[in-house]
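Below: the structure, in structure tokens.
The values are calculated or read from the model by the stated rules, or taken from the named source; none is laboratory data. Keep in mind the model is a prediction, meaning the values are calculated, not measured. We place every Cβ from the backbone using ideal geometry, glycine too, and count neighbours over all the protein chains shown.
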Amino acid sequence: MPEGHTVHRTAREFNARLAGRNITVDSPQGRFLAEANLIDGHTLVRARAIGKQLFLEFDNALTCRIHLGIYGKWRFENHAGDVARDGQVRARFYSEDFLADLRGPTVCEVIDRRAVKQVEARLGPDPINPDPKAKAQAIFIARVQASKTPIGQLLMNQDVVSGIGNVYRAELLFRAGISPHRPGNSLTVDELTALWLDAVELMRVGVRTGFMITRDELFTRRPAKADRNFVYKREGLPCRVCGTNISIEIMATRKLYWCVGCQT
DNA sequence: TACTCATGAGCAA
DNA sequence: TGCTCCTGAGTAG
């Protein structure tokens, strides 16, 4: 389930269970074997996330960069021995009592510090870990206002903001009452400030709960999937606020859900 | 069993 | 804009 909040949770898991240890790195599927050998047996210094990208930093100055893409998945086990071998495991990271299996990622590669810097330089600010906070918000606002592209597309562009995917894009725009078709340069500083701060809040709820809950009254509960959101995957159903049927269309090759009544 | 769809993104034309 | 990478869940028959 790879929007940014999931990746931050994964980084947290790696830091809690594998950081500071010598870990074995393997590739049961074989495709990652040559690169796995570069870090196999080394100590994981720390894991960190920027948007949808996970960086596993090792004590030999190499970093494993992982991007799940649309299919990628992690499976964690509390023991290393006798684990299920089902599916195509691209990469396996384990110590004596914890194991992480990676399947179907878009990217899984071992790179040096220079290459890490290049990736970082390309990425937009991450609402979950804005560092420093005020500057991240300003960069986001500046990048949106510099473009005529519809805001519905800009929110999915990882150069503009890191970690937002199709669910958060739809829900953030609904909560802000902003039409996804409005060009970036038509949005005011106030509108974009509110959008950014809402992204910070929603994605932190996502990190805390593990779910993309976007209805305030459900933040502290564990709602069923069908109840979590305002517009995502609710096409044809009445809007929870105004009753207008939720619309669906394709924007930048992805399904966009929105309410014509609430989002102007 | 076969088919469709998915919370991404790079690349060619 | 369309193709491709790649895996698994859900659904139709």
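One table, with the values for the structure above:
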item	result
Residue within the range A:73-90 that is surrounded by fewer than 16 Cβ atoms within 10 Å (Cβ to Cβ), within 12 Å of DNA strand B (Cβ to nearest atom) and under 26 Å from A:I213 (Cβ atoms) present	yes
Options A:G177, A:G210: the member that is more than 20 Å from the chain's Cα centre (by Cα) and surrounded by fewer than 23 Cβ atoms within 10 Å (Cβ to Cβ)	A:G177
Condition met for A:T188 (over 18 Å from the mean Cα position of the chain (by Cα), under 20 Å from A:A136 (Cβ atoms) and surrounded by 14 or more Cβ atoms within 10 Å (Cβ to Cβ))	no
Flag for A:E13 being within 15 Å of DNA strand C (Cβ to nearest atom), in the same structural domain as A:P105 (by TED's automatic domain parsing) and surrounded by fewer than 21 Cβ atoms within 10 Å (Cβ to Cβ)	no
The listed residue being more than 16 Å from DNA strand C (Cβ to nearest atom) and crowded, with 21+ Cβ neighbours inside 10 Å, out of A:D126, A:D101, A:D97, A:D59	A:D126
Filtered residues of the range A:13-26 (kept if without any contact (Cβ under 8 Å) to a residue 60 or more places away in the chain and assigned to a helix (DSSP H, G or I))	A:N15, A:A16
Breaking point among (1) away from DNA strand C (no atom under 16 Å from the Cβ); (2) over 19 Å from A:K117 (Cβ atoms); (3) outside any strand (DSSP E or B), for A:L38	(2)
Options A:G177, A:G124, A:G152: the member that is farther than 20 Å from A:G4 by Cα and in contact (Cβ under 8 Å) with a residue 12 or more places away in the chain	A:G177
Matching option when the condition is among the β-branched types (V, I, T), modelled with pLDDT under 90 and farther than 18 Å from A:G163 by Cβ, among A:T264, A:T244, A:T188, A:T253	A:T253
Matching residues, the range A:152-164, being within 9 Å of DNA strand B (Cβ to nearest atom), touching a Pro at 6+ places or on another chain (Cβ under 7 Å) and either of a type in the set (A, V, I, L, M, F, W, C) or closer than 18 Å to A:W258 by Cβ (or both)	none
Close pairs (6 angstrom Cβ cut-off, 6 or more residues apart or separate chains): at pLDDT below 95 in the range A:27-45, part of a helix (DSSP H, G or I) anywhere	A:S27/A:L33; A:S27/A:A36
Test for A:P105: is it in a loop (DSSP other than H, G, I, E, B) and in contact with a Phe, Trp or Tyr (Cβ under 7 Å, 6 or more places away or on another chain)	no
Residues being more than 16 Å from DNA strand B (Cβ to nearest atom) and at negative phi - total across the range A:47-72	10
